[in-house]
Each structure stands twice: as C-alpha cells, then as structure tokens.
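FYI, it's all coordinate maths here, none of it is from the lab. Here the structure is a predicted model, which means the values were calculated and not measured. Cβ sites come from the backbone with ideal geometry, for glycine too, and all protein chains shown count toward neighbours.
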Amino acid sequence: MSVIDHSRACLRIFGDDLIPEEITAALGAAPTKSETRGEVLRSRNGRERVAKQGSWRLDAANMEPEDTNAQVQELLSKLTADLTVWHDMARRFEIDLFCGWFMGQTNDGAELSPATLLALGARGIALSLDIYAPTADE
C-alpha cells in the first residue's frame, strides 16, 4: 500500500452561541478563520451570506506526502493542553478535525497512530475524513 499523496487538516469548532474571541482566549491561539452567528460575510466574488452559526477554525500546514499525525501534533502544540478546557468546549460545541486525504493512486492508504487517536479522543475531538480519488489527469 502506498501512502496518500497529500493531506490537509483543520481543527473546527462550531456552535450557535460560539464567540470566536472566547475560543481564542480559552485555547490560547488565534484561528485561521472565524465567524459569529449572524455576521454578514462577503465572498471573493462579492456575494453576501449570513453566518448560520459561529465557527472557529485552525488550519495545519498541508503535508505532501500525507502526515496527519504530524498535522495533529502541529495543531495541538499551539493550543492548551488543559483537558478541562477541552471538555467544556466539547460539551458546548461541535468539535472535529477535518482532514482531506488526496490519493495519488487508486489504492493509497494512511494510518493514525495510537498517540494521535488518544490525543483527539481525550479532547473530545471527532475525526472527519474526506478521501479524494485521483483524477484522470493525475
């Protein structure tokens, strides 16, 4: 089995009453992107939309080849290790690690270490995976 060609990872926190500044203060790092429920957002093409819920997102560096274990370590190293803070967050909000795995071949694979799975589980972080097959021109 060959490894996944490249990966993207983002820690995401969502909630109706989520205030991004409160999450930043609790976790100890600024997000890559955030929004507050009701906030009017403008896309690059000028379209407007209203945020349906609050969100706080922190991106890890893209990895080529895939190394989700390193991405999780990168993200968590920037944030508090205090599990009581994480338990409070998990009780109040939806938290996940969203990973995009981009295959270079039709049978690529990946592995998450027990330490990575334990770190996510201890913090109440769900693992969400999108796995993308190679395209004809790749």
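Spin-label model, Ala70/Arg37: points 7 Å from Cα along the beta carbon direction are separated by 3.9 nm. Working ranking of peptides 25-31, 36-42 by packing, defined as the average number of other Cβ atoms within 10 Å per residue, highest first, is 25-31, 36-42.
Note on segment 2-132: Rg/Rh from Cα positions, Kirkwood definition for Rh, rounded to two decimals, is 1.00.
Separation of segment 63-138 from segment 1-48 is 15 Å, based on Cα centroids. Projecting the Cα atoms of Val50, Ser7, Leu120 onto the dipole axis of the chain, where Lys and Arg carry +1 and Asp and Glu carry -1 at the beta carbon, places Val50 farthest toward the positive end.
Ranking Asn107, Leu75, Pro65 by Cα position along the charge dipole of the chain, where only Lys, Arg, Asp and Glu carry charges on their C-beta atoms, puts Leu75 farthest toward the positive end. Per-residue packing, averaged as other Cβ atoms within 10 Å, sorts the ranges 88-97, 63-72 into the order 63-72, 88-97, beginning with the highest. The gain in end-to-end length when the Phe98 to Ala25 segment is fully stretched comes to 24.1 nm, 0.36 nm per residue minus the alpha carbon separation.
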